[in-house]
1. Report every pair of residues separated by at least 6 positions or lying on different chains whose Cβ atoms are under 8 Å apart, first residue within the stretch 338-357 and within 21 Å of Phe28 (Cα to Cα), second open to solvent by less than 30 Å² (accessible area, probe 1.4 Å) and in a loop (DSSP other than H, G, I, E, B).
2. Out of the residues in the stretch 184-220 meeting the condition of being assigned to a loop (DSSP other than H, G, I, E, B) and open to solvent by 80 Å² or more (accessible area, probe 1.4 Å), tell me which one is farthest from Leu24 (Cα to Cα).
3. Which of the residues belonging to the stretch 60-85 are touching a residue at least 12 places away in the same chain (Cβ under 8 Å) and either outside any helix (DSSP H, G or I) or open to solvent by 60 Å² or more (accessible area, probe 1.4 Å) (or both)?
4. Mind telling me which of the residues Tyr388, Tyr367, Tyr322 ends up being modelled with pLDDT of 85 or more and surrounded by 15 or more Cβ atoms within 10 Å (Cβ to Cβ)?
5. Could you list, ordered by first residue, the pairs with Cβ atoms under 9 Å in which the first is in the stretch 178-206 and at pLDDT below 90 and the second is open to solvent by 80 Å² or more (accessible area, probe 1.4 Å) and acidic (Asp, Glu), at least 6 apart or interchain?
6. Would you say Val241 is at negative phi and within 22 Å of the chain's Cα centre (by Cα)?
7. Test Val263 against the criterion of being free of Cβ contacts under 8 Å to residues at least 60 places away in the same chain, crowded, with 17+ Cβ neighbours inside 10 Å and either farther than 25 Å from Leu12 by Cα or of a type outside the set (A, V, I, L, M, F, W, C) (or both), and give yes or no.
8. Would you pick out the residues in the stretch 233-260 that are of a type in the set (Ser, Thr, Tyr) and open to solvent by 20 Å² or more (accessible area, probe 1.4 Å)?
Amino acid sequence: GPMISIWLLGGLLGLCGALTYAELAAMFPRTGGVFVFLREAWGRPPAFIYGWSALLITYPASIAAVSVVFAAYLKRLFPGLPIPENVAAALLAVTACSVNIIGVVLGARVQRAFTAAKVAALVALVGFALISSAGKFENFSPLWAAPSAGWQLGALALALAAVMWTYEGWSDGPTLSGECRDKKRDLPRALLIGTGMVTLVYILVNASYVYVMSIPGIAASESVAVDMAERTMGQYGGLFVNLLVLASTAGSVNGMVIAGSRVSFAMAREGLFFDVVGRVHPKLQTPANAIVIIGIVSAPYCLLGSYDQLIRYFVFISMIWYVMTILAVFRLRFTRPAAERPFRVPLYPVTPAIFLLAALGLLYQLYHENTRDSLIGLGIIAVSFPTYWIWRRFHQK
């Protein structure tokens, strides 16, 4: 009960966030996403600071964290791989950048292919669990047990933070607003349908884990999906999950490269980054320079960090920008009440307020549980203040 509830709560909070972002994306259908929202609501300095942290922390560390997982599973599939895992992770990040430099259409096709493959594989994983003799409904009993000894609120907050990160794709969608066909309708619809489908898939997959493995079995497993697949699919289960993880992580990295490059591209177009980064390649018609930048910054993260370390660096900073973006909806409703809003967040102000309160609570807990890495992230943000002043001093536009 509590485990599935965390996934359900993460999905509901993600839906609240997606609905709120959808209003902003429909109001400002321009490439850049959160960068554009912050600039419109709070002005250029906060937008610059967001872009700074997105370029140096959140997107590169996210790309690296997922690339490290890809490399670990690649090593399982090919134990004799002659290169270290972290180098393989960096190569994935560079490859994803190269694909998206070659063409927007190619990058989109790769993204669709990986997305279809991982959704199909996850559905298959659930299907095999349902028909397997290894599953037991008794594993769901008791449905709601008392907390174990030593349980703390901080553990719940960290679990919820990790779950919310797995849903975080909805926050990347608005970076592509300027590249949609129907800018005011497509993105809100994609955010709603996508977040709802992902929530359903995640809950079904985790319920399948419980059905086959039981809670003690999940706790004792170092690779839950592999162990479950081996029980339900036999000797090919491990291979199936390896391929699933490779497709899932490669697709995630590709998507984050697309989203992250659009932030620095939008910054450059606003005169808040080097002009060359805001140029579209004359032949390939892609923001090639912006993609190169995100690749250059991501590769060292891949080489230097483990999965857990990388998550700690960027989750806290990401939550700060969630708070600022949700507050932007309240501010714009007050300062621009007559502005055109093709999509309005339902049940305003309740829906954004729910996500805002959850984000503030997680910020507090993450700082309390992981003060050192939180301060490192805050330090990088602090450096952006004099950087913005210097930039404005020498690059007036």
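1. Thr351/Val345; Pro352/Val345
2. Arg185
3. Arg76, Glu85
4. None of the others qualify; the one that does is Tyr322.
5. Lys184/Glu340
6. Yes; evaluated as a whole, the condition is true for this residue.
7. no
8. Tyr236, Ser248, Ser252
The values are calculated or read from the model by the stated rules, or taken from the named source; none is laboratory data. Because the structure is a prediction, the values reported are computed rather than measured. Don't worry about glycine lacking a Cβ; one is built from the backbone with ideal geometry, like all the others, and counts go over all protein chains shown. Accessible surface is based on the protein model in full, side chains and every heavy atom, while ligands, DNA and RNA are left aside. Shrake-Rupley method; radii C 1.70, N 1.55, O 1.52, S 1.80 Å.
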